[in-house]
Structures are given as structure tokens and as C-alpha cells.
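Comments concern the structure below.
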Amino acid sequence: MSTTQIYDTTLANGLKVFIVTDPASPLVAVRTYVKAGAISEGDCLGQGLSHFLEHLVAGGPTRYRTEDEYKRVLSMLGGGYNAYTTTDHTCYYINSIPENAEEAIKILSEWMFYNTFSTTEFEREREVITREIEKNNAELGRVFYQLCQTNFYQNHPMRYSVIGVLENFRNTTIQQLKRYYQNYYTASNMILVVGSSMAPEMVMPWIEAAFGRAPMAAPPTLLITPEPRPFSPRKVVKEWDTATT
């Protein structure tokens, strides 16, 4: 019989919190889900803003610590951190031991609300993502998938790649990323999940102290263009030189 228990609540600023307690767990996993993905980018659809922002936020400098300070602290926690972006959300997570839970929660809250958008980091990660897009464009499986998406969806933003289209991505500015961060990285647009052997009454004060100080703001409104019903077959053809079949 499972002894796992799930406690959920909502902070005054709108943050949804889930605490998963498993007495047998030797680790702690802290995750923040932001409801911002490739379909959320509005006038910037196809630029990959959500994915670009993930690169800047995870481990990037904030009002409280530098990038090097985060590297040092995260290495002390075991170095188990990362992030990923999908069509409808972006997730940031830190895995460690229960003794480090408070620090992990604090770090994630700093990333979510207090990024300072270093120009140096922006330029560096733009080059990293450019190489990532170019690599994807050379992989037949990824090209085939994206062709299927653009053929299936005519209007819906699901037709755009999560990572962005290269020519659109290159036009991204740091000001666009700042605005996107301000609009979507609000407590009311996030879900925080903490899984460990610790009881909710032990974890909640740390969450209140870290995430509870973020101001209350209304969640962004996501407007999705309706997708028309298909009435006839359609196809897309792409030809280019390749050494792979």
C-alpha cells in the first residue's frame, strides 16, 4: 500500500503549490512549472522566446547572486539541476538531499522573479541556441517532425518549433525577452512542486519565505487562433542535399 501523500494549496500571490511526501524517499526534488511555451509567444511566434529564456534563467545572474555564485552553490547541492521547454510550459528543477531543500527552493524563486539579463549571457546563449537550431535542421527525423507539424496545423501555434525558426530566432532582442519574462514569470502563472520525505508543515515556511514574497499579478491571457477543420488532403514537400536517407 502506498504511503505517498499529496498536499496542495495556493499562496496569496496565486502560486499553486503541491507537496508530495514519500517517507521512503532519500532525495528532494523541487520543480517550478511556468505556463509559458512555444504556443504562448504571441507576436513573436516562431522565435523560440520560451526556450531562449530558459537558457538565461536556469543558472543565470539575478539580483541576489552572480552566475558563478549559482554554479558554486549548485555544485555543493550535488549539481542536479536543469530545465526544459515544451509547447505549453517551461520547467526548472533542482534535485538534492532533504537537508538542501530550503536552499533549492530559494534558488528557484530567485531565478523565477529576479533575473538581471546579462548582455554577456544573452550573446553567449544566442550562439549556443543558433548551433542547436542548425544541428536540428541537419537531423532528418527532426525535419520530418516539423514538416508534419506545419502541414497538420495551418493557424494554430503548435505549427512552430519550440526552439524557434532560425531566421526568426536571429531577430530576438533582449528587450523582447525581458517583456516576456515580466508577463509570464508571475507567481499566478506557475506551479511549484516539492517531493521528498518531509511533511508539508516543514516545507511550507520555506516556500512562503521564498516564493511568497513575489508580488501578486494577474496571469497572462493566452489567445489561440482557432484551427479550421480539414476538408481535403494536403501535403508538403521539402528537398535538399543530404548524405543520410
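The values are calculated or read from the model by the stated rules, or taken from the named source; none is laboratory data. Predicted model only: the values in this text are computed from it and were never measured. Please note: Cβ atoms are built from the backbone with ideal geometry, for glycine as well, and neighbour counts cover all protein chains shown. Ligands, DNA and RNA are excluded from the accessible area calculation, which covers all protein heavy atoms including side chains. Shrake-Rupley method; radii C 1.70, N 1.55, O 1.52, S 1.80 Å.
State which residue pairs qualify: first residue closer than 10 Å to Thr32 by Cα and inside region 187-209, second residue among the hydroxyl-bearing types (Ser, Thr, Tyr) and open to solvent by 10 Å² or more (accessible area, probe 1.4 Å) in any location, beta carbons under 6 Å apart, and separation of 6 or more residues or different chains.
Taking only residues 6 or more apart or on different chains, the pairs are Ile191/Tyr33.
Give the residues of region 110-149 that are open to solvent by less than 40 Å² (accessible area, probe 1.4 Å), over 17 Å from the mean Cα position of the chain (by Cα) and hydroxyl-bearing (Ser, Thr, Tyr), sorted by residue number.
Ser118, Thr130 - these are the residues of region 110-149 that are open to solvent by less than 40 Å² (accessible area, probe 1.4 Å), over 17 Å from the mean Cα position of the chain (by Cα) and hydroxyl-bearing (Ser, Thr, Tyr).
For region 45-59, how many residues are over 13 Å from the mean Cα position of the chain (by Cα) and either surrounded by fewer than 22 Cβ atoms within 10 Å (Cβ to Cβ) or without any contact (Cβ under 8 Å) to a residue 60 or more places away in the chain (or both)?
Number of matching residues: 2.
Restricting attention to region 7-24, which residues are touching a strand residue (DSSP E or B) at 6+ places or on another chain (Cβ under 6 Å) and not in a strand (DSSP E or B)?
The one that is touching a strand residue (DSSP E or B) at 6+ places or on another chain (Cβ under 6 Å) and not in a strand (DSSP E or B): Leu15.
What are the residue pairs meeting all of these: first residue in region 18-37, first residue among the acidic types (Asp, Glu), second residue open to solvent by 10 Å² or more (accessible area, probe 1.4 Å) and not in a strand (DSSP E or B), Cβ atoms under 8 Å, and 6 or more apart or on different chains?
Asp22/Thr3; Asp22/Thr4; Asp22/Ser197
Could you please tell me which pairs satisfy a Cβ distance under 8 Å, a separation of 6+ or placement on different chains, a first residue in region 155-179 that is free of Cβ contacts under 8 Å to residues at least 60 places away in the same chain and closer than 18 Å to Ile129 by Cα, and a second residue that is open to solvent by 40 Å² or more (accessible area, probe 1.4 Å) and assigned to a helix (DSSP H, G or I)?
Leu166/Glu134; Leu166/Asn137; Ile174/Thr119
Any residue at all in region 72-89 that's of a type in the set (Gly, Ala, Ser), at pLDDT 95 or above and in contact with a strand residue (DSSP E or B) (Cβ under 7 Å, 6 or more places away or on another chain)?
Yes, some residue in region 72-89 is of a type in the set (Gly, Ala, Ser), at pLDDT 95 or above and in contact with a strand residue (DSSP E or B) (Cβ under 7 Å, 6 or more places away or on another chain).
Conditions (1) under 17 Å from Phe117 (Cα atoms); (2) open to solvent by 40 Å² or more (accessible area, probe 1.4 Å), marked per residue:
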residue: Asn155; (1), (2): no, yes
residue: Arg179; (1), (2): yes, yes
residue: Tyr184; (1), (2): yes, no
residue: Met190; (1), (2): no, no
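Output the number of the condition that Tyr114 fails; it satisfies all remaining conditions of (1) touching a Phe, Trp or Tyr at 6+ places or on another chain (Cβ under 8 Å); (2) under 14 Å from Arg31 (Cα atoms).
(2)
Give region 150-186 a look and list any residue that's within 23 Å of Tyr33 (Cβ to Cβ) and more than 18 Å from the chain's Cα centre (by Cα), or say none.
Answer for region 150-186, where residues must be within 23 Å of Tyr33 (Cβ to Cβ) and more than 18 Å from the chain's Cα centre (by Cα): just His156.
For region 14-34, name all the residues that are touching a helix residue (DSSP H, G or I) at 6+ places or on another chain (Cβ under 9 Å), surrounded by fewer than 19 Cβ atoms within 10 Å (Cβ to Cβ) and over 19 Å from Glu102 (Cβ atoms).
If the condition is that a residue be touching a helix residue (DSSP H, G or I) at 6+ places or on another chain (Cβ under 9 Å), surrounded by fewer than 19 Cβ atoms within 10 Å (Cβ to Cβ) and over 19 Å from Glu102 (Cβ atoms), then Gly14, Lys16 are the ones that fit.
Are any of the residues in region 83-93 part of a helix (DSSP H, G or I), touching a Phe, Trp or Tyr at 6+ places or on another chain (Cβ under 8 Å) and of a type in the set (Val, Ile, Thr)?
Taking region 83-93 first, the residues part of a helix (DSSP H, G or I) are none.
Among the residues of region 83-93, not one is part of a helix (DSSP H, G or I), touching a Phe, Trp or Tyr at 6+ places or on another chain (Cβ under 8 Å) and of a type in the set (Val, Ile, Thr), which makes the answer no.
For Thr116, all conditions in the list (1) under 30 Å from Lys16 (Cβ atoms); (2) at pLDDT below 95 hold save one; what is the number of the exception?
The failed condition is (2).
Go through region 25-65 residue by residue and tally those that are at negative phi and not in a helix (DSSP H, G or I).
23
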